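Reviewing the structure listed below.
The values are calculated or read from the model by the stated rules, or taken from the named source; none is laboratory data. Quick caveat: nothing in here was measured; it's all calculated off a predicted structure. Please note: Cβ atoms are built from the backbone with ideal geometry, for glycine as well, and neighbour counts cover all protein chains shown. Ligands, DNA and RNA are excluded from the accessible area calculation, which covers all protein heavy atoms including side chains. Shrake-Rupley method; radii C 1.70, N 1.55, O 1.52, S 1.80 Å.
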Amino acid sequence: MSEAQGPRIGEDEWVARSGENIERHRLLRLADRVPGWARLLLFVAAVAAIPLITDDGYINVVVFDTLIFCLLAIGLNVVVGWGGLLDLGYIAFFGVGAYTYAILSSEQFGLHVSSFAVLAISVVVGALLGLLVGLPSWRLSGDYLAIVTLFVYQIFISLATNGNDLFGFDLTGGVNGIANLDPFDLFGRELVVAKQGIFNSNYVYLALGIFVVVFVALYLVNHSRIGRAWRALREDELAAELMGMPTDWLKLLAFAFGAAVAALTGSLFASLKVGVFPETFSLTLLITVYAMLILGGVGSQTGAVLGAVVVYVFLEALRDPDVSGWVFYVTILLALLLVVRPRWMVAGVLAATVAFGFVVHAIAGAIDETWTTSAGPDADSVTRFLDAWVVIPATPGDARAIAYIGLIALVLFCTTVKGVWRWLALVPTLYLAAFVWENIMSADPDVTRFVLLGALLVSVMVIRPSGILGERRVEIV
């Protein structure tokens, strides 16, 4: 007689199916077996090789900015991922570090302090502010702590914006910020931002060196008694306190470490941008860093780096309309391959969508020729196909809003029905998505980038709720 399937009495269901879950994410498990030092070496080698392969200034700037976001992500991971504290004022520490560099390395007060000294001062200032902001965590947690830290962020923005008249002093330059900062001073030798109009790739190696130092330092902290205590605090604060752990001080340490990394990153960021302005530290930046951490996996240091690389490169690629179109349609195809079962039905759905599009295009052209456009003779084959398939009115008017609302309604409808009705609804949904993209989203890349980022996050969370490299937590109820 065969044993009954499913978990036994007293055994958690997720634990009973752990073998199935591990098999489902075999590639991710194999990645976890790679030693941390090997992953760091591969990352460092890949980044260090880019300036050697290309002297394109834009690409090297993207690499530098990516390293900045990697530092921000691993710093936020200390507070949120290891300490389990929801900090919505994190970008304020980033801004404090940037303004520290601007005040100490510019003509604002006539100070021109050595860059490494400014970095050290920024770390100390950031850590002290982190300790101060972390004090409410002794009595607050969860949403209440998040509101308090968000209030701290708003205080920083107000001070940065109105700091041109602070007790009679011009501290921050107000809305105009502080410009003409000193470039980074490397042992008495200034690193110019650009050489003959081309971005100085030495800044990439500078950022990479600082990233390696911070990454290794946080790795060692995470594997120390403090790191283990942080994880215990994250999982169950009451249990950690009953075991004799100083939970209040652990919270302050988490805030201090995260704030110090953010302030250090802010100073490094300011040294390249040669100017600091309040609008740089917008709420969008905070959301982006959180998206990086969530995508890579909260609590995973490597995941935070991976999330920063994926998200920032993804957002930069979508700045180019030609590239963003490919990203959109490839994302649709990958979503179909992941969602549609059996997979051979994907070909049928795509074929039906293409046929449906040509029919709609022909009907729209017969009704009014201005509803369709034709590609020029110099257009590539993909552009000619899209112009002959998607209805692109010369004057869309209210059609864009109607299509956008209709697309949302169809997506919701597809999630509520099953069987043949879902297959029938999926065809017009895909076509309407192409219509919305070609008529609305491609014309506004700044908004489109974050819409697609949201879609990417939702897709990853559906497939792997803990993030790409995040660890699943087992809760036995």
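Return yes when residue 45 is of a type in the set (Gly, Ala, Ser), more than 30 Å from residue 254 (Cβ to Cβ) and surrounded by fewer than 14 Cβ atoms within 10 Å (Cβ to Cβ) and no when it is not.
For residue 45, the condition - of a type in the set (Gly, Ala, Ser), more than 30 Å from residue 254 (Cβ to Cβ) and surrounded by fewer than 14 Cβ atoms within 10 Å (Cβ to Cβ) - is met.
Pairs, please: C-beta under 6 Å, at least 6 apart or cross-chain, first residue closer than 12 Å to residue 199 by Cα and in the stretch 53-70, second surrounded by 15 or more Cβ atoms within 10 Å (Cβ to Cβ) and small (Gly, Ala, Ser)?
Close Cβ pairs (under 6 Å, with a partner that is surrounded by 15 or more Cβ atoms within 10 Å (Cβ to Cβ) and small (Gly, Ala, Ser)) amount to 60/201; 64/207.
Does the stretch 250-273 include one or more residues that are in the same structural domain as residue 87 (by TED's automatic domain parsing), surrounded by fewer than 24 Cβ atoms within 10 Å (Cβ to Cβ), at pLDDT below 95 and on the phi > 0 side of the Ramachandran plot?
No - not one qualifying residue is present in the stretch 250-273.
Given the criterion farther than 18 Å from residue 442 by Cα and hydroxyl-bearing (Ser, Thr, Tyr), identify the matching residue among 331, 372, 353.
Residue meeting the stated conditions: 353.
Give the residues of the stretch 123-141 that are assigned to a loop (DSSP other than H, G, I, E, B) and touching a residue at least 60 places away in the same chain (Cβ under 8 Å), sorted by residue number.
141, the sole residue that qualifies.
Restricting attention to the stretch 97-114, does a residue exist that is in the same structural domain as residue 190 (by TED's automatic domain parsing), under 21 Å from residue 304 (Cβ atoms), touching a residue at least 12 places away in the same chain (Cβ under 8 Å) and buried (at least 23 other Cβ atoms within 10 Å of the Cβ)?
yes
Mind counting the residues in the stretch 382-402 that are within 18 Å of residue 354 (Cα to Cα) and at pLDDT 80 or above?
Summing the residues that are within 18 Å of residue 354 (Cα to Cα) and at pLDDT 80 or above in the stretch 382-402 gives 9.
Surrounded by fewer than 16 Cβ atoms within 10 Å (Cβ to Cβ) and over 24 Å from residue 326 (Cβ atoms), is that true of residue 355?
Spelling it out, it is not the case that residue 355 is surrounded by fewer than 16 Cβ atoms within 10 Å (Cβ to Cβ) and over 24 Å from residue 326 (Cβ atoms).
With the requirement that a residue be of a type in the set (Ser, Thr, Tyr), surrounded by fewer than 18 Cβ atoms within 10 Å (Cβ to Cβ) and not in a helix (DSSP H, G or I), what does the stretch 177-231 give you?
224
Report yes if residue 310 is open to solvent by less than 30 Å² (accessible area, probe 1.4 Å) and either modelled with pLDDT of 85 or more or among the aromatic types (Phe, Trp, Tyr) (or both), otherwise no.
For residue 310, the condition - open to solvent by less than 30 Å² (accessible area, probe 1.4 Å) and either modelled with pLDDT of 85 or more or among the aromatic types (Phe, Trp, Tyr) (or both) - is not met.
So, in the stretch 459-477, of the ones that are part of a helix (DSSP H, G or I) and at pLDDT 75 or above, which residue ends up surrounded by the fewest Cβ atoms within 10 Å (Cβ to Cβ)?
461
Of everything in the stretch 130-176 that's more than 18 Å from residue 283 (Cβ to Cβ), of a type in the set (Gly, Ala, Ser) and under 28 Å from the mean Cα position of the chain (by Cα), which residue is most open to solvent (accessible area, probe 1.4 Å)?
If we take residues in the stretch 130-176 being more than 18 Å from residue 283 (Cβ to Cβ), of a type in the set (Gly, Ala, Ser) and under 28 Å from the mean Cα position of the chain (by Cα), then 141 is most open to solvent (accessible area, probe 1.4 Å).
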